[in-house]
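*Asks:* After the structure tokens below, expect a handful of questions from me.
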Amino acid sequence: MATMMNAVVLIVEDEPEIATILQAYLEREGFRTVRAENGRLAIDLHLSLKPDIVLLDVKLPAIDGYAVLGVIRRQHNTPVIMVTALGEDLDKLQALRIGADDYVVKPFNAHEVVARVKAVLRRTLGHGETEVVRFGPISVDLIAHSAVVASGSGAVHLDLTLTEFRVLGHMIRMPTRAFTRAELVDACIPESETLERTIDTHVSNLRRKLSAAGAVGYPQSIRGVGYRLSPSR
């Protein structure tokens, strides 16, 4: 189940100072964050990473916040809190009419924004099994059968074989657990009579693709056992 502690917040803000403040306060409360400095990147990240909530500025480069909100609403019911200097009632009404869940006016108290995020998530989380499982920079959509790595320049989609996807999807559910080769074969290639060592090739290819996308060190080899997703710290 998605929980408050592992919720991902997409911060869409073109002012680096404000984005950094929001990121710091949210991460201090246990949230994971992703940042987008313009509307186009925000739409791409929302589609690929499926965040649990979006903090969305109105005045953005490329595509403004109202347009981004409209696209999000056509794609998904992700909760959205508008964070903007536009404090007129008409601006608030427009945002709420398009589908915003809440509205915070700049200058704001960062503690208040975090409280609003928690309040909205309490209403939206826990109503069913999440489709997306995340660990570190890696997101796996088990329903859509897609995997993405978040990087500073955006989201990188992984081109995985069926077995590589199964291995990643199986390990990310318990990222700190060490899996034996036999367990991975049974879970990920059940229809095959392949040798246990064959899993080494699949894991090696998966590691190479994750590393190329920016997720270096995943999965980790455990001598005498097998593999775990979590790399050494």
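*Asks:* From Val12, Val83, which residue is farther than 30 Å from Asp159 by Cα, touching a strand residue (DSSP E or B) at 6+ places or on another chain (Cβ under 6 Å), crowded, with 21+ Cβ neighbours inside 10 Å and of a type outside the set (D, E, K, R)?
*Replies:* Unique residue meeting the criteria: Val83.
*Asks:* Within the group Leu210, Leu168, which residue is touching a helix residue (DSSP H, G or I) at 6+ places or on another chain (Cβ under 7 Å) and outside any strand (DSSP E or B)?
*Replies:* Sole residue among the options that is touching a helix residue (DSSP H, G or I) at 6+ places or on another chain (Cβ under 7 Å) and outside any strand (DSSP E or B): Leu168.
*Asks:* Within the range 60-76, restricting attention to residues that are out of contact with any strand residue (DSSP E or B) (no Cβ under 7 Å at 6 or more places or on another chain) and assigned to a helix (DSSP H, G or I), which residue is most open to solvent (accessible area, probe 1.4 Å)?
*Replies:* Restricting to residues being out of contact with any strand residue (DSSP E or B) (no Cβ under 7 Å at 6 or more places or on another chain) and assigned to a helix (DSSP H, G or I), the top hit is Arg74.
*Asks:* Whether any residue in the range 109-122 is open to solvent by less than 60 Å² (accessible area, probe 1.4 Å), at pLDDT 85 or above, in contact with a Pro (Cβ under 6 Å, 6 or more places away or on another chain) and closer than 27 Å to Pro231 by Cα is what I want to check.
*Replies:* No, the range 109-122 contains no residue that is open to solvent by less than 60 Å² (accessible area, probe 1.4 Å), at pLDDT 85 or above, in contact with a Pro (Cβ under 6 Å, 6 or more places away or on another chain) and closer than 27 Å to Pro231 by Cα.
*Asks:* Another question about this same structure. For Gly154, state whether it is open to solvent by less than 30 Å² (accessible area, probe 1.4 Å) and modelled with pLDDT under 85.
*Replies:* Taking the combined requirement at face value, the residue satisfies it.
*Asks:* Oh, and also: In this structure, does Ala62 turn out to be at pLDDT 90 or above and more than 14 Å from the chain's Cα centre (by Cα)?
*Replies:* For Ala62, the condition - at pLDDT 90 or above and more than 14 Å from the chain's Cα centre (by Cα) - is not met.
*Asks:* Identify, please: which residue in the range 190-207 is more than 14 Å from Phe179 (Cβ to Cβ) and assigned to a loop (DSSP other than H, G, I, E, B) and is, among those, modelled with the highest pLDDT?
*Replies:* Arg197
*Asks:* Give the residues of the range 17-35 that are buried (at least 18 other Cβ atoms within 10 Å of the Cβ) and without any contact (Cβ under 8 Å) to a residue 60 or more places away in the chain, sorted by residue number.
*Replies:* Within the range 17-35, Ala19, Gln23, Thr33, Arg35 meet the criteria.
The values are calculated or read from the model by the stated rules, or taken from the named source; none is laboratory data. This one's a predicted model, so the numbers in the text were calculated from it and none came from an experiment. Here Cβ is always computed from backbone atoms with ideal geometry, including for glycine, and neighbour counts include all displayed protein chains. The area values use the complete protein model at the heavy-atom level, side chains included, leaving out ligands, DNA and RNA. Shrake-Rupley method; radii C 1.70, N 1.55, O 1.52, S 1.80 Å.
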